[in-house]
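Nothing in this text is a laboratory measurement; each read-out follows from the coordinates by a stated rule. This one's a predicted model, so the numbers in the text were calculated from it and none came from an experiment. When we count neighbours, we look across all protein chains shown, and the Cβ atoms used for this are built from the backbone with ideal geometry, even at glycine.
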Amino acid sequence: MPKKIPVRQCLGCREQKAKSELLRVVRSPEGTISLDFRGKASGRGAYICRSAECLKKAVKSRALERSLETPIPEEIFAQLSAQMEAGDG
């Protein structure tokens, strides 16, 4: 029997994709928001594609704020965008 591949939905484009293809945005128990490149950080997570376009869509529709259950300041979005382009965690 083949191993089951975990699937998650991107908050930007709303497409179902393999968990490994998506980036996890996490709100830690302390309340900080960051990108989780390994997918192991503790806290509430939301998934987006690895494209700036999907991040913009998720920001515009406020899907990221609803999913993480917290208001997100504009500077955090700028940091997430910069982290995504740099590809580091």
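Worth pointing out:
- Considered as an equivalent ellipsoid built on the Cα gyration tensor, the chain has semi-axes of 21, 14, 13 Å, the largest given first.
- Above-threshold pairs, the threshold being 22 Å between Cα atoms, out of LYS4/LYS60; LYS17/LYS56; LYS19/LYS57; LYS40/LYS60: LYS4/LYS60; LYS40/LYS60
- Here the stretch 7-86 is treated with +1 on each Lys and Arg Cβ and -1 on each Asp and Glu Cβ, and its dipole about the Cα centre works out to around 360 debye.
- Other residues lying with their Cβ under 13 Å from the Cβ of PRO29 contribute a combined charge of 0, Lys and Arg counting +1, Asp and Glu -1.
- Cα long-axis angle, helix 74-86 against the chain (0 to 90 degrees, to the nearest 10): 50
- Estimated FRET transfer efficiency when R0 is 30 angstrom, pair ALA82-ARG14 (beta carbons, to 0.05): 0.75
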